[in-house]
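S.K.: One structure, as structure tokens, below. Some questions next.
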Amino acid sequence: MIRPGKCLRRKLMVSVTGAALIFFLGLAPLSFTEEYSPPNNKHYWSMLGGGGFSFRGWGSKERVATIDYTIRYNRAINRNLGKSWFRFMNELWIEFPIMEVFKPDSGFMVSLNFISGMIFKAEERFNPYFYFGGGPFFTTAAIPGMGSKLCGNYLSGVGCRWRFSGNISINMECRYHHISNMELSSPNVPINSFKILAGLSY
């Protein structure tokens, strides 16, 4: 028997995710100006690699370590926010990370993340940014306390992008990453990790 609280959480999660998607997709057709362009005008791709580890005792008692491979689609939504040195642009990122788990078990983690990125553009070639988002998550690794192979995840992070040749940029970033099954099954011991990623945008 499903408890009423779980049904409410499920409905709330579906409603919030749907509202966020409608909001982002509704903003996508907004007009652009010629003041500034992402690496490939309105949209571009990023390929990132790196890794991370969880904080033992901050949720899970296990030290979960991964090697990460990420492909990300980036689309500019509004690139004329702020003024003077505080100019920034908003982008929608759709990210598909593949994480190879090598501790405490071997296996893979995959997720599909919808992310809002804020890129500062006072300097044309060097752009700091921050971001936040999340989405569904699946793992084949047997990690004690997860309770379910199908979970949810959210993340936030900071980074910088340096354009060094035409439409090609170097990305470096670090992020906080949270995984849990949203109390849809038991047990629900969250995993909280720190990750470092680097790669190219084009």
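Matching residues to (1) of a type in the set (Lys, Arg); (2) crowded, with 16+ Cβ neighbours inside 10 Å; (3) free of Cβ contacts under 8 Å to residues at least 24 places away in the same chain; (4) over 20 Å from residue 200 (Cα atoms):
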residue	(1), (2), (3), (4)
121	yes, yes, no, no
138	no, no, no, yes
159	no, yes, no, no
164	no, no, no, no
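S.K.: Of the conditions (1) more than 20 Å from residue 201 (Cβ to Cβ); (2) of a type in the set (Val, Ile, Thr); (3) in a strand (DSSP E or B), residue 143 clears all except one; give me its number.
M.R.: (3)
S.K.: While we're looking at this one, here's another question. Working only within region 160-176, note down all residues that are under 14 Å from the mean Cα position of the chain (by Cα) and either assigned to a loop (DSSP other than H, G, I, E, B) or among the hydroxyl-bearing types (Ser, Thr, Tyr) (or both).
M.R.: 176
S.K.: I'd like the residue in region 76-99 that is assigned to a loop (DSSP other than H, G, I, E, B) and of a type in the set (Lys, Arg) and, out of all such residues, is nearest to residue 177 (Cα to Cα). Write out each step before concluding.
M.R.: Just the residues of region 76-99 that are assigned to a loop (DSSP other than H, G, I, E, B), to begin with: 82-83, 87.
Remaining after also requiring of a type in the set (Lys, Arg): 83, 87.
Details: 83: 31, 87: 27 Å.
For region 76-99, the residue satisfying everything is 87.
S.K.: Right, next: Restricting to region 166-178, what's the tally of residues that are closer than 18 Å to residue 111 by Cα, of a type in the set (A, V, I, L, M, F, W, C) and touching a residue at least 60 places away in the same chain (Cβ under 8 Å)?
M.R.: Of the residues in region 166-178, 0 are closer than 18 Å to residue 111 by Cα, of a type in the set (A, V, I, L, M, F, W, C) and touching a residue at least 60 places away in the same chain (Cβ under 8 Å).
S.K.: Identify the residue in region 36-84 that is charged (D, E, K, R) and more than 28 Å from residue 139 (Cα to Cα) and, among all such residues, is modelled with the lowest pLDDT. Write out each step before concluding.
M.R.: Pass one, region 36-84, residues charged (D, E, K, R): 42, 56, 61-63, 68, 72, 75, 79, 83.
From what's left, more than 28 Å from residue 139 (Cα to Cα): 42, 79, 83.
Details: 42: 78, 79: 71, 83: 74.
So the residue we want is 79.
S.K.: Please determine whether any residue of region 100-110 is among the hydrophobic types (A, V, I, L, M, F, W, C), surrounded by fewer than 21 Cβ atoms within 10 Å (Cβ to Cβ), assigned to a strand (DSSP E or B) and in contact with a Phe, Trp or Tyr (Cβ under 8 Å, 6 or more places away or on another chain).
M.R.: Within region 100-110, the subset among the hydrophobic types (A, V, I, L, M, F, W, C) is 101-102, 108-110.
Next, from what is left, pick out any that are surrounded by fewer than 21 Cβ atoms within 10 Å (Cβ to Cβ): 101-102, 108, 110.
Imposing the further condition that a residue be assigned to a strand (DSSP E or B) reduces the set to 101-102, 108, 110.
Applying the additional criterion that residues be in contact with a Phe, Trp or Tyr (Cβ under 8 Å, 6 or more places away or on another chain) yields 101, 110.
So far as region 100-110 goes, yes, one or more of its residues are among the hydrophobic types (A, V, I, L, M, F, W, C), surrounded by fewer than 21 Cβ atoms within 10 Å (Cβ to Cβ), assigned to a strand (DSSP E or B) and in contact with a Phe, Trp or Tyr (Cβ under 8 Å, 6 or more places away or on another chain).
S.K.: Sort through 163, 175, 125 and tell me the only one that's basic (Lys, Arg), over 15 Å from residue 60 (Cα atoms) and in contact with a Gly (Cβ under 7 Å, 6 or more places away or on another chain). Outline the logic, then answer.
M.R.: Numbers: 163 fails: in contact with a Gly (Cβ under 7 Å, 6 or more places away or on another chain); 125 fails: in contact with a Gly (Cβ under 7 Å, 6 or more places away or on another chain).
Of 163, 175, 125, the one residue that is basic (Lys, Arg), over 15 Å from residue 60 (Cα atoms) and in contact with a Gly (Cβ under 7 Å, 6 or more places away or on another chain) is 175.
S.K.: May I pose another question? Are there any pairs with C-beta distances below 8 angstrom linking a residue in region 61-72 that is in contact (Cβ under 8 Å) with a residue 12 or more places away in the chain and surrounded by fewer than 19 Cβ atoms within 10 Å (Cβ to Cβ) to a residue that is among the hydroxyl-bearing types (Ser, Thr, Tyr) and assigned to a strand (DSSP E or B), with the two at least 6 apart or on different chains, and if so which?
M.R.: Close Cβ pairs satisfying both conditions: 62/54; 63/54; 65/54; 71/46.
The values are calculated or read from the model by the stated rules, or taken from the named source; none is laboratory data. Bear in mind that the values here come from a model prediction, so they are computed numbers and not experimental data. Quick reminder, even Gly has a Cβ in these numbers, built from the backbone with ideal geometry, and neighbours come from all protein chains shown.
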